[in-house]
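Inspection log for the structure reproduced underneath, given as structure tokens.
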Amino acid sequence: MVDTLPAPYGDEMKGISQATGLPLGIHIWDMSNNTWILTEKLRTLITQINFTRNGEVLFKTTSFAGYIGVLTGLKPNVFSISVNSRTSFHGGYEELTMATYTTSVDTQDRLLESSMHETSINTVKSIPISTRYGYVLVTQQGASDRSIIVTYHDVGYNSATQFHHFFAFPEMIPITEHFTIYHINAPGQEDRANPLPSTSVYPTMEQLAETVNDVFNHLNIKTAIGFGVGVGANILTRFALKYSTKVYGLILVNCISRGIGWFEGFTLKWPTQDMPQQTWTDALLTYLIWYHLGYESQSTHPDLVQGLRRHLEENINAKNVVKLLNSFLKRTPIVMERPNELNKNANPPISLKCTVVNITGFSSPHKDDVIDTNDKCDPAMSSYVEFSDCGGAVLEEQPAKIAEAIRLFLQGLGYISHLSIPKFSIANRLTEQAAEYKRRNGSLSRAPRRSSAPFDSVDSGLYRNDSQGDDMDDDPNYYGHELQLRVDTFDDRNVKL
């Protein structure tokens, strides 16, 4: 029986038996009488065990000396867990072992796994860095000494509100576990930041790109993958053009590469003027909500509108946001062209030399700008991804789908190739989930936002009603209408999801 247990638990039981001289199985369970034969002796074997890693207590258990697995566990200041099962056994030791093995060993693994996620993914380290244009706060997420992703947030957000939770999202965890992520906060944009002096001159977009280089030098980053949203995408694009050897790939969400138009600048002059006070105006809040969500998402996702408004009012300094926004609205266009024989040796460079993926939503207010940016990239090294049923807030509206797009992009660069496509095909699972939701609630109903399935829930049949039989399998179009994968342009790397 012990040989059927997976490693290392079977070997541990054999080792204990050899060290103590007790035979396997017989010393625990009386197979003829179905009773414990060492009840009194077990009392003296009760132990308190602390499981440690690098000198730190991960969890505590109450068990028997020699028992493999955990029946009762306590993670200090987090949670406790215990196995409590009563049943009738007719198969003796073998049936008892099979019944308790899965729960007790799985409990031990879960306690260990929870600690790993807590320390490497959910725990964020803050790193203040002095740059030539002021102090910036950089936060580190994920384990150290791995391949690096550098992120830059959009206006009105910061690293905590835009990226920390996203990289801890269930579908992003397999990616986060294999990378060191550095999140750069623009000056004065971190949560509850002190107001910047009224007389201070905020850095331009080009200067903010230089602060990224200062961060690279301070952290000794030789090369990294950039991940920017909105303003952050603009800054990282400028950085990648000037320091091409330091960027291996770019993930750009709602990237605007053009300059500000005269009409746009005129209409935004009043709501974005520098404010002496630190409170928000209705005009500025209205503009930022439109900028992030677009009109369609505002009407279909009122919860996003309320959450964004509450975040801006409670977590972000309005005066500092206006300074960053004014810097963005005074931006110069990014001089960028597709590579050709005439510009391949241009100085300064005007062509991106890294692999790029441009991402936007179907109803995003910046969709045309993203298409324009994508047209300026090398067709052989760029992709355009557009998510249906999504506005400007791609990370909030479709986190599971963008997680899959990022996974595929990273695998194209040679990373995380071990993650299998069937297991991590998030879009396919969400398609089936949306179809099931519409079957239950009507064809005109809308599947809930951020509704993502566990990795194994489809395979275990959670979306199948037993009374349906095989009717769903007989309809080839049942799951086909929700997710459309089609060629958008002449380049088959440009797809719509």
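The values are calculated or read from the model by the stated rules, or taken from the named source; none is laboratory data. Quantities reported herein were computed from a predicted structural model and do not represent experimental measurements. Backbone-built Cβ (ideal geometry, glycine too); neighbour counts: all protein chains shown. Surface areas here come from the heavy atoms of the whole protein model, side chains and all, with no ligands, DNA or RNA. Shrake-Rupley method; radii C 1.70, N 1.55, O 1.52, S 1.80 Å.
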The number of residues in the range 386-414 that are assigned to a helix (DSSP H, G or I), closer than 12 Å to HIS301 by Cα and either open to solvent by less than 20 Å² (accessible area, probe 1.4 Å) or of a type in the set (Val, Ile, Thr) (or both) is 1
For the range 189-205, check the following and say yes or no: at least one residue is open to solvent by 10 Å² or more (accessible area, probe 1.4 Å), within 30 Å of GLU404 (Cβ to Cβ) and modelled with pLDDT of 95 or more. no
Within the range 324-371, can you find the residues that are closer than 16 Å to CYS390 by Cα and either within 24 Å of the chain's Cα centre (by Cα) or among the hydroxyl-bearing types (Ser, Thr, Tyr) (or both)? ASN358, ILE359, THR360, GLY361, PHE362, SER363, SER364, PRO365, HIS366, LYS367, VAL370
Residue count, the range 185-213 (criterion: in contact (Cβ under 8 Å) with a residue 60 or more places away in the chain and among the β-branched types (Val, Ile, Thr)): 3
Which condition number does LEU325 fail, the rest of (1) surrounded by fewer than 17 Cβ atoms within 10 Å (Cβ to Cβ); (2) assigned to a helix (DSSP H, G or I) being met? (1)
Within the range 345-370, can you find the residues that are touching a helix residue (DSSP H, G or I) at 6+ places or on another chain (Cβ under 7 Å) and among the charged types (D, E, K, R)? LYS353
At least 3 residues that are over 21 Å from THR204 (Cβ atoms), modelled with pLDDT under 90 and open to solvent by 20 Å² or more (accessible area, probe 1.4 Å) in each: list the helices (runs of 4 or more DSSP H) lying fully within the range 254-317 that qualify. 282-300, 302-315
Hey, among the residues in the range 214-241 that are without any contact (Cβ under 8 Å) to a residue 60 or more places away in the chain and surrounded by fewer than 22 Cβ atoms within 10 Å (Cβ to Cβ), which one's nearest to VAL155 (Cα to Cα)? ASN217
Selection status of ALA233, in contact with a Cys (Cβ under 6 Å, 6 or more places away or on another chain) and not in a loop (DSSP other than H, G, I, E, B): yes
Subset of the range 336-358 (residues that are part of a loop (DSSP other than H, G, I, E, B) and touching a residue at least 24 places away in the same chain (Cβ under 8 Å)): MET336, GLU337, ARG338, PRO339, PRO348, PRO349, ILE350, SER351, LEU352, LYS353, CYS354
